[in-house]
Amino acid sequence: SLEAILDKYLPRLSERSVVVVTSKIVSLCQNRVIAKDKVPDKKALVQQEADAYLDEDESHQRYGIYLTLKNKILIPTAGIDESNANDGYILYPENIPETVKQIWAYLKDRDGLAELGVVLSDSHTTPLRRGVTGIGLGWCGFFPLHNYIGQPDLFNRPLRVSMSNLLDGIACTAVLVMGEGNEQTPL
């Protein structure tokens, strides 16, 4: 269970801590795994899991990757992960907002905390950029944006559109620490 993993690998937390949990460990705990030999066609699985997809994308011919939307995120292959999956496909977690809220409530209660942040992260590619970075799929316990709109810039002009994305910044840093290979650091 996810709670058993949290108990085993997370020390007692202090106030205002932020815990980042990779989506893959949540998916595994939710049994969101399909054996490759049970799926006749990866493309059909991607189409089933995606909210929308580009059927004419040629990248799937070379890399097995499809351009898709999943949970309002532009992400390859509907977030289906084959890495570190041992002949299976790992799907996105179910009900991400509720799952993150459950983790948050469990850890707050476990450690007697008033203020705690929880982020559910995933690796993410950016179009026209090499490499992966982290992205926040869900959060609880903090506001995910820092709004600069209306505040003055260096020359005392009011900012009109600037907001810092705290959620993705935290997720990006955590994914860098978690690693992409065999590091086995899902928290």
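The values are calculated or read from the model by the stated rules, or taken from the named source; none is laboratory data. No experiment lies behind these values; they were computed from the predicted model shown. Virtual Cβ from ideal backbone geometry, glycine too; neighbours counted across all protein chains shown. Protein only, heavy atoms only, side chains kept; ligands, DNA and RNA dropped before computing areas. Shrake-Rupley method; radii C 1.70, N 1.55, O 1.52, S 1.80 Å.
Output the residues belonging to the stretch 148-179 that are more than 13 Å from the chain's Cα centre (by Cα) and within 13 Å of Lys24 (Cβ to Cβ).
Selection gives Gly179 alone.
If you scan the stretch 121-147, which residues turn out to be more than 13 Å from the chain's Cα centre (by Cα) and open to solvent by 60 Å² or more (accessible area, probe 1.4 Å)?
Across the stretch 121-147, the qualifying residues are Thr126, Pro127, Leu128, Arg129, Arg130, Phe143, Leu145, His146, Asn147.
For the stretch 82-115, give me each residue that is open to solvent by 40 Å² or more (accessible area, probe 1.4 Å), of a type outside the set (A, V, I, L, M, F, W, C) and on the phi < 0 side of the Ramachandran plot.
If the condition is that a residue be open to solvent by 40 Å² or more (accessible area, probe 1.4 Å), of a type outside the set (A, V, I, L, M, F, W, C) and on the phi < 0 side of the Ramachandran plot, then Glu82, Ser83, Glu94, Pro97, Glu98, Lys101, Gln102, Tyr106, Lys108, Asp109, Arg110, Glu115 are the ones that fit.
Among what's in the stretch 1-22 and is of a type in the set (Gly, Ala, Ser) and at pLDDT 95 or above, pick the residue that is nearest to Leu137 (Cα to Cα).
Ser17
Is it the case that Leu120 is in contact with a Leu (Cβ under 7 Å, 6 or more places away or on another chain) and not basic (Lys, Arg)?
In short, yes.
Just for the stretch 148-164: of the residues that are open to solvent by 70 Å² or more (accessible area, probe 1.4 Å) and touching a Leu at 6+ places or on another chain (Cβ under 9 Å), which one is nearest to Gly117 (Cα to Cα)?
Here the answer is Met163.
Does any residue in the stretch 87-104 that is under 15 Å from Asn71 (Cβ atoms) come within less than 9 Å, Cβ to Cβ, of a residue that is among the basic types (Lys, Arg) and buried (at least 17 other Cβ atoms within 10 Å of the Cβ) six or more places away or on a different chain, and which pairs are these?
Leu91/Arg32; Tyr92/Arg32; Tyr92/Lys70; Pro93/Lys24; Pro93/Arg32; Glu94/Arg32
Which of the residues that make up the stretch 42-58 are at pLDDT 85 or above, of a type in the set (Asp, Glu) and open to solvent by 40 Å² or more (accessible area, probe 1.4 Å)?
Passing the criteria: only Asp51.
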